[in-house]
Every structure is written in C-alpha cells, then in structure tokens.
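Read-outs: derived from the displayed coordinates by stated rules, not from any lab. Quick caveat: nothing in here was measured; it's all calculated off a predicted structure. When we count neighbours, we look across all protein chains shown, and the Cβ atoms used for this are built from the backbone with ideal geometry, even at glycine.
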Amino acid sequence: MNTVTIRPVEAGDNNSLARIIRAAFLEFRAPTKNTVFEDPTTDHLFELFQTANAVLWVAELDGELLGCCGIYPTEGLPEGCTELVKFYLSDAARGKGVGKALFLKSLESASRLNYKEVYLESLPQFATAVGMYEKMGFRKLDHALGNSGHTGCTIWMLKTL
C-alpha cells in the first residue's frame, strides 16, 4: 500500500485544491455565500500562502491531491493568534486519518512559529470536523475573531497551544 505524503503547497496545486474545497461545500450542502467557496483566493492558494508565518499542508497519494489544511495570520486576530484555514478533504480521503494528519501538522506549525492560540471558523454542515476540533481541545466562541471576510461562517472556535 502506498503512503500518503504531506508536503507544503506548490504552485501546481491551485486548481485541484480549489476543486476539493468547493466540492466539499456542495457535498455537504453548506452555504456558499460569504464563505471560502466564493473567496477568490481559493483559486490562488499557493500565492496566498507565500505570506510570512503562514503554511498550507497538502496531502497527496500517487500524484493525486487528497486535501489541505494550514495556518494563516488573519488580519485582526489577537496578538499571538493564528487561524486554522483551508481544512478540506476529498470524499475519497475522509475517514482514513488523512485529515487528522493534516490537522496535527498545522497545529505543529503554529507551535513552531510561536503562536499561542489557534482560531478557526466553520459551519454546522461540517459537524464531523467540528466534533474533531472539540476533541482536539478547541472551545466554541460566541463571536468571530479577526477579519477573515467569511461572514457566512457561524461557528467560531479557539484553542490555546
């Protein structure tokens, strides 16, 4: 059995990752308005993650992308806080530990970059992911932090590292 490789995003990954992200919204019937689905940066993730103190990890198996997850210093977050972003998997990759590996790699990156807290935004339609976040020590907030521009999100969570 071949192993999944987790590596930093590359320029050639943009189209495949955008497809995976948008497919997840459609599959789970999640609202697309004012979310990453409509965000133009979704088509340019390699370029977006050239930002200092940001990293996007990609899971790949036999040349096929399975998903991604990263951290990003979203404008307006409290000092020492980063946002967990772009955590999406293809339907074929779910339930196989790929998401957990990407998630843990992203949290490890946040620690390595000396962040003290990790914030995330989600939607009720992604209940499985939200349950995983809670198991991994994220607690729900009653309001958004920072200026992600994704005002369609209704779940906000924070974890102290």
Checklist line | Rounded to whole Hz, the Karplus (6.51, -1.76, 1.60) HN-Hα couplings of segment 156-161, x for glycine and proline | finding: 10, 9, 9, 10, 8, 7
Notebook entry, point to check: How much length is gained on full extension from LYS140 to LYS33, taking 0.36 nm per residue of separation minus their Cα-Cα distance?
Noted result: 36.3 nm
Note to self: Over the Cα atoms of segment 44-129, each weighted equally, I'd like the Debye log10 I(q)/I(0) at q = 0.12, 0.20 Å⁻¹, rounded to two decimals.
What the structure shows: -0.36, -0.95
Notebook entry, point to check: Kirkwood hydrodynamic radius of segment 8-161 from all distinct Cα pairs, in Å?
Noted result: 15.4 Å
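Within the set of other residues whose C-beta is less than 12 Å from the C-beta of GLU60, count the net charge using Lys and Arg as +1 and Asp and Glu as -1.
With Lys, Arg at +1 and Asp, Glu at -1, the neighbours total -3.
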Item checked: Estimated inter-spin distance, THR151 and GLU64, nm [label 7 Å along Cα→Cβ] -> 3.9 nm
Item checked: Vicinal HN-Hα couplings computed from phi for segment 82-96 (Karplus, 6.51 cos²θ - 1.76 cosθ + 1.60; Hz; Gly/Pro x) -> 10, 10, 7, 9, 6, 8, 9, 10, 5, 4, 5, 8, 6, x, 10
Notebook entry, point to check: What is the fewest-to-most order of CYS81, CYS68 by other Cβ atoms lying within 10 Å of their Cβ?
Noted result: CYS81, CYS68
